[in-house]
1. Run lengths n ≥ 4 of DSSP H only: what is the helix-derived mean residue ellipticity at 222 nm for the chain, with -39500 (n - 2.57) per run over all residues, to the nearest 500?
2. Under 5 Å between amide H atoms, partner at least 5 residues away or on a different chain: which partners does ASN96 have, H built in plane at 1.01 Å?
3. Calculate, in nm to one decimal, what ILE10 and ILE85 gain on full extension: separation in residues at 0.36 nm each, minus their alpha carbon distance.
4. For the stretch 78-96, list residues with backbone N below 19 Å from a point placed 7 Å from the Cα of LEU48 toward its Cβ?
5. Only helices at least 20 Å long along their axis, Cα-based, and averaging 1.6 or more on Kyte-Doolittle count here, so list those DSSP H runs from the chain.
6. Rounding to the nearest 20 debye, state how big the charge dipole of the chain is about its Cα centre with +1 on each Lys and Arg Cβ and -1 on each Asp and Glu Cβ.
7. Could you check the simple spin-label distance between PHE18 and PHE58, using points 7 Å along Cα→Cβ, in nm with one decimal?
8. Among (1) 168; (2) 106; (3) 196, only one was calculated for this model; which label is it, if the read-out is volume of the Cα convex hull per residue in Å³?
Amino acid sequence: MNRIHGITSIYAVAIGAFLLIEGIWALFSPVVFGVLTTSMGHAVIHILLGALGIWTGFKEGSRTFCIALGVLLLTAGILRFIPGIGAFMASTLNTNLAVAYLNIAIGVVSLLVAFAAGRPHMHHVKTA
């Protein structure tokens, strides 16, 4: 495992575990960690994202996961502040402003991890 793959893999597993725990908890409670509101649909999304993060962390694709997660959560967080769209998200996913701020923070960190790590170098084997 090279350094580039290692940084994004560790982050993907860590954030994946957080999302998985949060998603499972949300199946049983509309409030997670005492402040984050959620719904059953939102919980399922986090369980799927968490499982995907853990899987990519142990396989290939963790950098791509970090980029995709970053774009998704950053977009979701920003959309929560747009009138109309934010109200729709609040009513369908039961997300409060704390969730929006956390989405923005995780989105930014995910993108920073992915781009700070850089692109993995492909090693080409020459054949005779």
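1. Numbers: 5 runs with 91 residues, N = 128.
Taken over the chain, the calculation gives -24000 deg cm²/dmol.
2. It is THR37, by chain and number.
3. Values: separation 75, 0.36 × 75 = 27.00 nm, distance 3.35 nm.
Computed gain between ILE10 and ILE85 is 23.6 nm.
4. Correct set: 89-95.
5. Details: long enough: 3-26 (34 Å, 1.36); 40-58 (27 Å, 1.46); 62-79 (25 Å, 1.87); 97-117 (30 Å, 2.31).
Result, helices passing both filters: 62-79, 97-117.
6. Details: 6 positive and 2 negative charges, 85 e Å.
Around 400 debye, computed over the chain.
7. Once both label points are built, they end up 2.1 nm from each other.
8. Given (1) 168; (2) 106; (3) 196, the structure-derived one carries the label (2).
Read the figures in this text as sums done on the coordinates, not as results from a lab. Bear in mind that the values here come from a model prediction, so they are computed numbers and not experimental data. No Cβ is skipped: glycine too gets one built from the backbone with ideal geometry, and neighbour counts run over all protein chains shown.
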